[in-house]
Amino acid sequence: MKLLFADDERSLQELMSIELPRLGHEVCVCPDGATAIAALEKQTFDALIVDLDMPKFNGIQVIAKAKELSPDIEAVVLTGKSSLETAVSALRHGAFDYLTKPCKLVELKALLLRISDKRELTKQVRALSRRLESVEGTGDLIGQSARMEQVKTLIRKIAPTDSTVLVLGETGTGKELIARALHKQSLRADKPFVAINCGGLPESLIESELFGHRKGAFTGADDHRQGLFEVADGGTLFLDEIGELPKAMQAKLLRVLESGEIRKVGDNHSFTVDVRVVCATHRDLEKMVADGDFREDLMFRINTFEIRLPPLRERLDDIPELAKFLLRRNKPQYRSTDELFTPDALDALMRHPWSGNVRELANVIEHAAILCDEGPITPAHLPAKFALPSTLRGPHFKVGAVQTLRDMETAAIYQALERHKGNKPKAADELGISLKTLYNKLAAEQERAESS
């Protein structure tokens, strides 16, 4: 590490200028607090070792300045006063630890090793956070369609409250992103966000996963374990696919939501947690209630607010923006000014029915990003199912051959597209239909051509 050592004792200055490099560190030795502060303003250090009692500026003042200039720096205080009061004062002012004079080199070496380990762990956590953000997104919702604007408005109103929220939508629409957006815009944003898929765990483990267990509570419970409610204390717990929760667990979850009290498996005592719960499902909970598969009182409890997330086929206008966002996530080197997709590639994406919603779109974009070495994505980079049949590559209907209303409608669509050189928004405007309707009609005609 790069260290700053400040002490007004000449013998210690000489000792540390020799011994710290022997331990593998680079060191800057200063005779007083003023010199140390001047060095901090010119260079960046990983850690500093300062005497508590120095002329001009004492160790506490040096630490305060160091933290102001570099919040991540770690500080060790040297003091000749081996009192608890001195140590506590140093720690309160941001010191990592303290050593009393005369300190042993072996103690200093061990302390510096702890600091080095902590800094390395901090770097790893930050790297993992960046990777997690690149995979799961930041919680920002992509899309400017009317349906998505309604969802965003609802989130802005709900997020600052502690009310439970039920997010409804088809598989792959991005329900967890809604939960993350709620958390990010809430007063709990600096607390944990914890997600669990209720259908992804065996029934025998769900209670332990949610509430935790005591050592020896069941076979295999070799240690005490925190449940996700406890992990999320102060923050947000996202229960995805709540409709898959077994009936027995539904009753226990209802009790927790009503009382805020958790009891670990194998424990006789309860404790209180402060957790905001967001649930999601693709299933029809009202039908499940009617069929006796879901508790009606639990449905009412988790459904204080309801957010319905539209499928991708109902917000086609968002596809270009989503596709560009997903491509930049796969290829961060692309600049905002780069042409990312050719018009034909975007047309192919807009025609697709997207039964898998945004998750399917993300897979398609990843596929294209792998095949495309440089330049914009073209139809050739998309999966084979996006290839446009030759029968739909131009206006192939002749007026004299029109036999049905459907043929007449299709001919009018292709003639409008030809007049506007393939510009679909302009063609839709001329035809007096919405852009979504135009794409639906083109997709239907494509299916008819493929089956004929």
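The values are calculated or read from the model by the stated rules, or taken from the named source; none is laboratory data. Just so we're clear, the structure is a prediction, and the values are computed from it rather than from any experiment. Cβ sites come from the backbone with ideal geometry, for glycine too, and all protein chains shown count toward neighbours.
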Failed criterion for Met249 (all others in (1) surrounded by fewer than 21 Cβ atoms within 10 Å (Cβ to Cβ); (2) more than 23 Å from the chain's Cα centre (by Cα); (3) in a loop (DSSP other than H, G, I, E, B) hold)
(3)
Scanning the range 337-367 residue by residue, the ones that are of a type in the set (Asp, Glu) and either part of a helix (DSSP H, G or I) or in the same structural domain as Ala444 (by TED's automatic domain parsing) (or both) total 4
Hey, among the residues in the range 368-395 that are aliphatic (A, V, I, L, M) and in a helix (DSSP H, G or I), which one's modelled with the lowest pLDDT?
Leu392
Of (1) over 26 Å from Thr161 (Cβ atoms); (2) in a helix (DSSP H, G or I), Asp267 satisfies all except one. Which?
(2)
Restricting to the range 42-79, name every residue that is at pLDDT 85 or above and of a type in the set (Gly, Ala, Ser).
Ala47, Ala64, Ala66, Ala75
Tell me yes or no: at least one residue of the range 44-65 is over 22 Å from Val88 (Cα atoms), outside any strand (DSSP E or B) and of a type in the set (A, V, I, L, M).
no
List the pairs whose first member sits in the range 248-267 and is assigned by TED's automatic domain parsing to the domain that holds Asp162 and more than 16 Å from Leu298 (Cβ to Cβ), whose second member is of a type in the set (Asp, Glu) and crowded, with 17+ Cβ neighbours inside 10 Å, and whose Cβ atoms are under 6 Å apart, counting only residues at least 6 apart or on separate chains?
Val265/Glu207
Hey, among the residues in the range 15-68 that are of a type in the set (D, E, K, R) and within 20 Å of Ser116 (Cβ to Cβ), which one's surrounded by the fewest Cβ atoms within 10 Å (Cβ to Cβ)?
Arg22
Close pairs from the range 423-434: first touching a residue at least 12 places away in the same chain (Cβ under 8 Å), partner among the aromatic types (Phe, Trp, Tyr), Cβ under 8 Å, at least 6 apart
Lys424/Tyr439
Taking the range 162-185 as the region of interest, how many residues are on the phi < 0 side of the Ramachandran plot and crowded, with 21+ Cβ neighbours inside 10 Å?
11
